[in-house]
1. Looking at (1) in contact with an Asp or Glu (Cβ under 9 Å, 6 or more places away or on another chain); (2) closer than 30 Å to Val72 by Cα, which is the only condition Ser141 fails?
2. Does region 134-153 contain at least one residue that is within 21 Å of Ile53 (Cβ to Cβ) and not charged (D, E, K, R)?
3. Among the strands (runs of 3 or more DSSP E) lying completely within region 89-159, list those that include at least 1 residues that are under 21 Å from Leu60 (Cβ atoms).
4. Within region 157-172, track down each residue that is open to solvent by 80 Å² or more (accessible area, probe 1.4 Å) and within 19 Å of Val135 (Cα to Cα).
5. Regarding Gln14, is this residue over 22 Å from Val169 (Cβ atoms) and either open to solvent by 60 Å² or more (accessible area, probe 1.4 Å) or touching a residue at least 40 places away in the same chain (Cβ under 8 Å) (or both)?
6. Among Arg40, Arg48, which is surrounded by 13 or more Cβ atoms within 10 Å (Cβ to Cβ) and out of contact with any helix residue (DSSP H, G or I) (no Cβ under 9 Å at 6 or more places or on another chain)?
7. Quick check on my filter: what residues within region 79-97 are surrounded by fewer than 18 Cβ atoms within 10 Å (Cβ to Cβ), farther than 17 Å from Thr130 by Cβ and either of a type outside the set (Gly, Ala, Ser) or touching a residue at least 40 places away in the same chain (Cβ under 8 Å) (or both)?
8. Only one of these is under 35 Å from the mean Cα position of the chain (by Cα), over 17 Å from Gln51 (Cα atoms) and in contact (Cβ under 8 Å) with a residue 40 or more places away in the chain: Leu106, Leu131. Name it.
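The values are calculated or read from the model by the stated rules, or taken from the named source; none is laboratory data. Keep in mind it's a predicted model, so treat the numbers as computed, not measured. Backbone-built Cβ (ideal geometry, glycine too); neighbour counts: all protein chains shown. Accessible surface is based on the protein model in full, side chains and every heavy atom, while ligands, DNA and RNA are left aside. Shrake-Rupley method; radii C 1.70, N 1.55, O 1.52, S 1.80 Å.
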Amino acid sequence: ASDVTPGTSMELRQPLADGTHTWEVYAWDAVGNVTPSAPRSFFVDSTRPAQFILDTPHHLDCTTVPTPSFCVHRSSDASDLSYQLWVDGAVVATTPSTCTTPTVALAQGKHSWYVVATDKTGNSRQSSDTLDLFVDYAAPSAPALLSPADGFATVDPPTFTWTAATDLVGIQSYELFVDDNIE
């Protein structure tokens with residue numbers, strides 16, 4: 001499209017289709033001499049990235065790593081994408097890769113996470129899901145031994161009892177050792 005304008009800027013009347021376009025300007029003097037500019041190209045992208053889903057860690061997974069790796073299934077778009085990792089409502093990392101780790105350690109406990117994909121023109125889309133993850137990098141509390149009491153004497157095999165240990169994500173099992181052998 002061509003238009004004659006006395007100024008040094010011009011806005012198009014109609015939007016351009018998505019894709020690569022070139023542009024240049026011709027300068028005309030009063031007697032008809034013309035000089036073209038060097039051409040340039042630019043890219044129009046008015047479409048948001050395609051829907052995508054989170055990959056790992058899976059919903060309600062538990063990790064002992066304070067900076068776990070978060071991955072998504074790649075979204076598609078006409079231009080390069082960057083991915084923002086959001087944990088508990090705050091951006092904790094931005095990368096062009098589909099996998100990243102937070103830049104700071106996550107506190108122990110339950111965290112919700114999702115990803116926002118953004119293309120070069122600023123179109124963005126949030127992952128279609130939000131997942132929860134438990135971070136637990138501390139060992140459980142030690143159970144206190146209750147019976148048999150220290151120095152207890154018996155003829156019959158004793159029943160062993162102890163207090164429950166505590167842990168952020170709960171205790172899965174206990175192992176009893178007698179004389180360094182697992183029972």
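1. That leaves (2) as the condition not met.
2. Taking region 134-153 and keeping what is within 21 Å of Ile53 (Cβ to Cβ), we get 134.
Right, trim to not charged (D, E, K, R) and you get 134.
Checking region 134-153: at least one residue is within 21 Å of Ile53 (Cβ to Cβ) and not charged (D, E, K, R).
3. Result: 90-95, 109-119, 124-126, 131-135.
4. Thr166, Leu168, Gln172
5. yes
6. Details: Arg40 fails: surrounded by 13 or more Cβ atoms within 10 Å (Cβ to Cβ).
Sole residue among the options that is surrounded by 13 or more Cβ atoms within 10 Å (Cβ to Cβ) and out of contact with any helix residue (DSSP H, G or I) (no Cβ under 9 Å at 6 or more places or on another chain): Arg48.
7. Ser79, Asp80, Thr94, Thr95, Pro96
8. Leu106 is the lone residue from the list that is under 35 Å from the mean Cα position of the chain (by Cα), over 17 Å from Gln51 (Cα atoms) and in contact (Cβ under 8 Å) with a residue 40 or more places away in the chain.
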